[in-house]
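To start, the structure under review is shown below, and the notes come after it.
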Amino acid sequence: MSRVVVVGAGPGGLACAVELAEAGSGSVMLVDEGTALGGQIWRRDVAAPKAPEPAARKTQWIARAEAQIKARRLDYRARHVAVDGRADPLSLDLQPLRAGGSPERVHADALVLACGARERFLPFAGWTRPGVFGVGGLQALVKQGLPVAGKRVVLAGSGPLLLAVAADLRARGAELVALAEQTPRRAMIGLGAAAVGQRSKRVQAAELAARLVGVPRLWSSWPVEALGADARPDSPATALVVTDERGRERRLEADYFGCGFGLIPELRLAQALGCLRSPEPKSLDAGLRVDADQATSVPGVYA
Ligand SMILES: Cc1cc2nc3c(=O)[nH]c(=O)nc-3n(C[C@H](O)[C@H](O)[C@H](O)COP(=O)(O)OP(=O)(O)OC[C@H]3O[C@@H](n4cnc5c(N)ncnc54)[C@H](O)[C@@H]3O)c2cc1C
């Protein structure tokens, strides 16, 4: 009987593992370092879900996965990290995330890598102070119960996640002190113009804009330093110094600071397996080289 190991229980890996298990043609293992099915976007939200349509899709896939796990057609390994892999013979080293857990080598006929993305975080002075988060990391903590109602928040960096997180935190009662965008204002206008022909993007942009009315925006802005309550490097951040459009420094005081510069594909496991990247290997954003069947350059490995 053939064995497929899927790494990543986000929407991508979940769909793959469920379809394989339902097809019933071999054994299927689903590995994820998180505690629950769902990955990033379908991360369990301790507050009520706010978007009915994605929530319905999420529930459906998770319910199908749970049915397969219960029927023992899907071997789900939560809180296991695939720390390394070999192409010949095809295998992964799994490390359980529990005290005293021993590593395990699993062999497979095929591997599916659905490891998602991670944040690009650019360091600046004071970036390791408590209270400075990745923008997606802050959102993940909030979904898991970090209270933000009444808290002052500064978000800085670039990419659409910044806007989505700003709107989400505001809806949960946070006070957005400022949204400090690295993008120049004119480039944002250009992006808006480029989206004019795409209805769904236009609608999404308009919705976000409406949810962010009144939030102070800075453009061409970069975080320079997170200042602490005192000079100790581990004292919590109380202010973020950012540059503004004219290159002047502005000091933004808040309780939490979310900083992020977009997402990059999570390729560490693929690289350990020797999978080649797509034709722009110099770009940090370049994903894996795959063919029309999602096969990577390493036989038996799909992504
Ligand atoms: C911090 C963050 C916040 C995001 N927030 C949003 C958002 O609000 N809205 C939005 O549309 N998109 C968001 N995204 C983008 C998000 O990646 C996609 O929308 C969606 O989750 C992608 O689904 P996926 O299945 O490809 O990957 P993911 O949902 O990221 O799932 C990948 C899974 O693989 C697991 N994994 C990775 N490597 C290993 C390994 N070696 N061993 C074990 N497990 C592993 C991860 O724990 C994760 O659960 C966010 C991304 C990040 C990184």
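The values are calculated or read from the model by the stated rules, or taken from the named source; none is laboratory data. What you see is a predicted model; the values in this text were computed from it and never measured. Because the Cβ atoms are built from the backbone with ideal geometry, glycine has one as well, and the counts that use them run over all protein chains shown. Just the protein is used for accessible areas: all its heavy atoms, side chains included, with ligands, DNA and RNA removed. Shrake-Rupley method; radii C 1.70, N 1.55, O 1.52, S 1.80 Å.
List of remarks:
- Alpha-carbon spread of region 102-204, three principal axes, descending order, Å: 52, 39, 29
- Amide H contacts of residue 76 (H built 1.01 Å from N, under 5 Å, at least 5 apart or other chain): 30
- The GluC sites (Glu not before Pro) found in region 196-303 that occupy coil by DSSP, while having at most 14 further C-beta atoms within 10 Å, are 245.
- Spatial separation of Cα centroids for region 213-259 and region 103-170, in angstrom: 18 Å
- About the Cα centre, charge dipole magnitude for region 1-153 (Lys/Arg +1, Asp/Glu -1 at Cβ), debye: 680 debye
- Dipole check for the chain: with +1 at the C-beta of Lys and Arg, -1 at the C-beta of Asp and Glu, and the Cα centre as origin, the magnitude is about 660 Debye.
- Positive-end residue, region 119-263 charge dipole about Cα centroid, Cβ charges, pick of 188, 121, 262: 188
- Vicinal HN-Hα couplings computed from phi for region 13-21 (Karplus, 6.51 cos²θ - 1.76 cosθ + 1.60; Hz; Gly/Pro x): x, 4, 4, 5, 5, 5, 4, 5, 5
- Among 101, 26, 150, the residue with the largest mean-square fluctuation in a Gaussian network model of the chain, with springs joining Cα atoms closer than 10 Å, is 101.
- Using all pairs of distinct alpha-carbon atoms, the Kirkwood hydrodynamic radius of the chain works out to 21.3 angstrom.
- The slack in the chain from residue 294 to residue 97, taken as 0.36 nm per residue of separation less the alpha-carbon distance, amounts to 68.0 nm.
- Accessible area in square angstrom per residue, region 1-138, 1.4 angstrom probe: 52 Å²
- Per-bin percent of Cα-Cα distances, region 119-263 [10 Å]: 12, 43, 34, 10, 1, 0
- Take the Cα of residue 88, step 7 Å toward its Cβ, do the same at residue 211, and the gap between the two points is 5.0 nm.
- Summed over qualifying helices (DSSP H, 4 residues or more, each -39500 (n - 2.57)) and divided by its residue number, the chain shows a 222 nm mean residue ellipticity of -8500 deg cm²/dmol.
- Here r is the Cβ-Cβ distance between residue 23 and residue 278 and R0 is 30 Å; the resulting FRET efficiency, rounded to 0.05, is 0.55.
- The slack in the chain from residue 266 to residue 79, taken as 0.36 nm per residue of separation less the alpha-carbon distance, amounts to 65.6 nm.
- Extension gain, residue 128-residue 185: 0.36 nm per intervening residue step, less the Cα-Cα distance, totals 17.7 nm.
- Debye-sum result for region 211-259 in log10 I(q)/I(0), which assumes one identical scatterer on each alpha carbon, at q = 0.29 Å⁻¹: -1.12
- Solvent-accessible area, 1.4 Å probe, carbon plus sulfur percent, for region 119-263: 57 percent
- Candidates 234, 93, 293: whichever shows maximal mean-square fluctuation once the chain is modelled as a Gaussian network with Cα springs under 10 Å: 293
- Positive minus negative residues near residue 75 (Lys, Arg vs Asp, Glu; Cβ under 13 Å): +3
- Note on exposure: 62, 189, 69 ranked by accessible area (1.4 Å probe, complete protein assembly) read 189, 69, 62, with the most exposed listed first.
- Less than 5 angstrom separates the built amide H of residue 118 from those of 264, 266, all sequence-distant by 5 or more or on a different chain.
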